[in-house]
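Worksheet: the structure to be examined is printed underneath.
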Amino acid sequence: QVQLVESGGDLVQPGGSLKLSCAASGSISSINNMAWYRQAPGKQREFVASIMKSGTTNYGGSVQGRFTISRDNAKATVYLQMHSLKFEDTGVYYCRAFASEVYWGQGTQVTVSS
């Protein structure tokens, strides 16, 4: 079992920056990769970024060049640094971990508004 807790969501102006955190606990040694997804009101959940155990990263097209995913293995935490935020980045951001099965966090709200 893996538990995930996201934090860092906030209200931010367009063009601003925000950093999200996802702290994992439980069977963290079994985690193969972790990712961030987001869901805007009335839309399907979409992929944002992922990071493998090896450190290899992957990004969704809409955030490429603006967002950076990283991990601190000692703290069992994954981060999502977001820059140049746009209105369309608004949504609930979820942390996802894969360790023989998929685990999700409860989400953290990011609102980009002037």
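The values are calculated or read from the model by the stated rules, or taken from the named source; none is laboratory data. The shown structure was predicted, so the numbers you read here are calculated from the model rather than taken from an experiment. Virtual Cβ from ideal backbone geometry, glycine too; neighbours counted across all protein chains shown. These accessible areas exclude ligands, DNA and RNA; they are computed on the full protein's heavy atoms, side chains included. Shrake-Rupley method; radii C 1.70, N 1.55, O 1.52, S 1.80 Å.
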Sequence order, the range 75-88: Karplus ³J(HN,Hα) from phi using 6.51 cos²θ - 1.76 cosθ + 1.60, θ = phi - 60°, Hz rounded, Gly and Pro as x, gives 9, 6, 10, 10, 10, 10, 8, 10, 10, 6, 5, 10, 3, 6
Of all lysine pairs in the chain that are eight or more residues apart or on different chains, those with Cα atoms under 18 Å apart total 4
Karplus ³J(HN,Hα) for the range 44-56 (6.51 cos²θ - 1.76 cosθ + 1.60, θ = phi - 60°; Hz, whole; x = Gly/Pro) runs 6, 5, 10, 6, 10, 6, 9, 9, 7, 4, 6, x, 5
Stretched fully, the stretch from Phe47 through Ser113 gains (0.36 nm per residue minus C-alpha distance, one decimal, in nm) 21.6 nm
Of every hundred units of 1.4 Å-probe accessible area on the chain, the number belonging to carbon and sulfur atoms, as a percent, is 49
Here FRET efficiency (C-beta to C-beta, Asp10 to Trp104, R₀ 25 Å, nearest 0.05) is 0.75
Between the modelled labels at Phe87 and Asn58 (7 Å from Cα along Cα→Cβ) the distance in nm is 3.2
